[in-house]
Amino acid sequence: ADIGFQLSYLAVIGIVYFHNKVYSLWYIENKIGDQIWKLTAVGIAAQMATLPITLFYFHQFPIYFFLTGCVVVVGAGFILFFGISLLIFELILPFVATAIGTILYWMIWAMNAFIFTVDQLPFSLITGIWISSFMMFLLYAWIASLSISLAFKKSKWFMASLGILLLFFLNLSWVQFDNLNQRSITIYDAPKMSVIDFISHQKHP
């Protein structure tokens, strides 16, 4: 399946299931602070559901996901509203649709500019995280077992989550050890040329 579809589907599941649980962890009396925390909780909930597959496909973790998450959640609502309005007014009042289209363009531009700006902040990404499909499965199993233990207050599920987490880190340590000792030669099929890649102890000599 398409990676974007997988991420979107999992993010929705994460928001539906985890949002209220995350939001209830911190009560803020100030209304503005409460709204900010509510949006932040949406980003955290989505990140919890998409983290394993993100690590598997992209090998990185965004440190400031809570900042971009707040903007994307708010921005997506406005973009959806203006997008639907654009389709409606395009049929009845084209000149109004032109104005709406301009607003929509700059809203998308501003949101993307903010995301790219955050991406350029110091230490915005932890890169080089390589996990296998089995390790991704272990992370989802850990999240599921931990969620069940917290929801039903069952100690056996909590112990299961600890065992799964231990198995994940043992597997991760083995992969890192194996990569440190690897030596390989890869020959690529490139048009009219030969491309050879040497890897020794995670380095390209």
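For segment 19-37, the count of residues that are closer than 23 Å to Leu121 by Cβ, open to solvent by 40 Å² or more (accessible area, probe 1.4 Å) and either not in a helix (DSSP H, G or I) or not acidic (Asp, Glu) (or both) is nonzero.
A quick yes/no check of all residues on (1) among the small types (Gly, Ala, Ser); (2) surrounded by fewer than 18 Cβ atoms within 10 Å (Cβ to Cβ); (3) farther than 20 Å from Gly14 by Cα:
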site	(1), (2), (3)
Phe137	no, yes, no
Ser145	yes, no, no
Ser149	yes, no, no
Leu172	no, yes, yes
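Looking for something out of contact with any strand residue (DSSP E or B) (no Cβ under 8 Å at 6 or more places or on another chain) and either among the basic types (Lys, Arg) or open to solvent by less than 40 Å² (accessible area, probe 1.4 Å) (or both) - is there at least one such residue anywhere in segment 53-63? There is at least one residue in segment 53-63 that is out of contact with any strand residue (DSSP E or B) (no Cβ under 8 Å at 6 or more places or on another chain) and either among the basic types (Lys, Arg) or open to solvent by less than 40 Å² (accessible area, probe 1.4 Å) (or both). From Trp142, Trp157, Trp130, Trp174, which residue is among the hydrophobic types (A, V, I, L, M, F, W, C), in a loop (DSSP other than H, G, I, E, B) and modelled with pLDDT of 70 or more? Selected residue: Trp130, the only one of Trp142, Trp157, Trp130, Trp174 that is among the hydrophobic types (A, V, I, L, M, F, W, C), in a loop (DSSP other than H, G, I, E, B) and modelled with pLDDT of 70 or more.
Within segment 54-100, the only residue that satisfies the criterion of being more than 30 Å from Ile131 (Cβ to Cβ) and not in a helix (DSSP H, G or I) is Leu93. Listed conditions (1) part of a helix (DSSP H, G or I); (2) of a type in the set (A, V, I, L, M, F, W, C); (3) open to solvent by less than 80 Å² (accessible area, probe 1.4 Å) are all met by Trp106, apart from (3).
Here is the figure for segment 75-98: residues that are open to solvent by less than 60 Å² (accessible area, probe 1.4 Å) and within 34 Å of the chain's Cα centre (by Cα) total 9. Yes or no: Trp157 aromatic (Phe, Trp, Tyr), within 22 Å of Ile53 (Cα to Cα), surrounded by 16 or more Cβ atoms within 10 Å (Cβ to Cβ) and over 15 Å from the mean Cα position of the chain (by Cα)? No; evaluated as a whole, the condition is false for this residue. Can you tell me which of (1) under 28 Å from the mean Cα position of the chain (by Cα); (2) more than 30 Å from Leu166 (Cβ to Cβ); (3) of a type in the set (Phe, Trp, Tyr); (4) open to solvent by 70 Å² or more (accessible area, probe 1.4 Å) is the one Phe123 doesn't meet? So Phe123 meets the others, but not (2).
The values are calculated or read from the model by the stated rules, or taken from the named source; none is laboratory data. Here the structure is a predicted model, which is why all the values come from computation and not from measurement. Ideal geometry is used to build each Cβ from the backbone, glycine not excepted, and the neighbour counts take in all protein chains shown. Please note that ligands, DNA and RNA were not included when accessible areas were found on the heavy atoms of the full protein model with its side chains. Shrake-Rupley method; radii C 1.70, N 1.55, O 1.52, S 1.80 Å.
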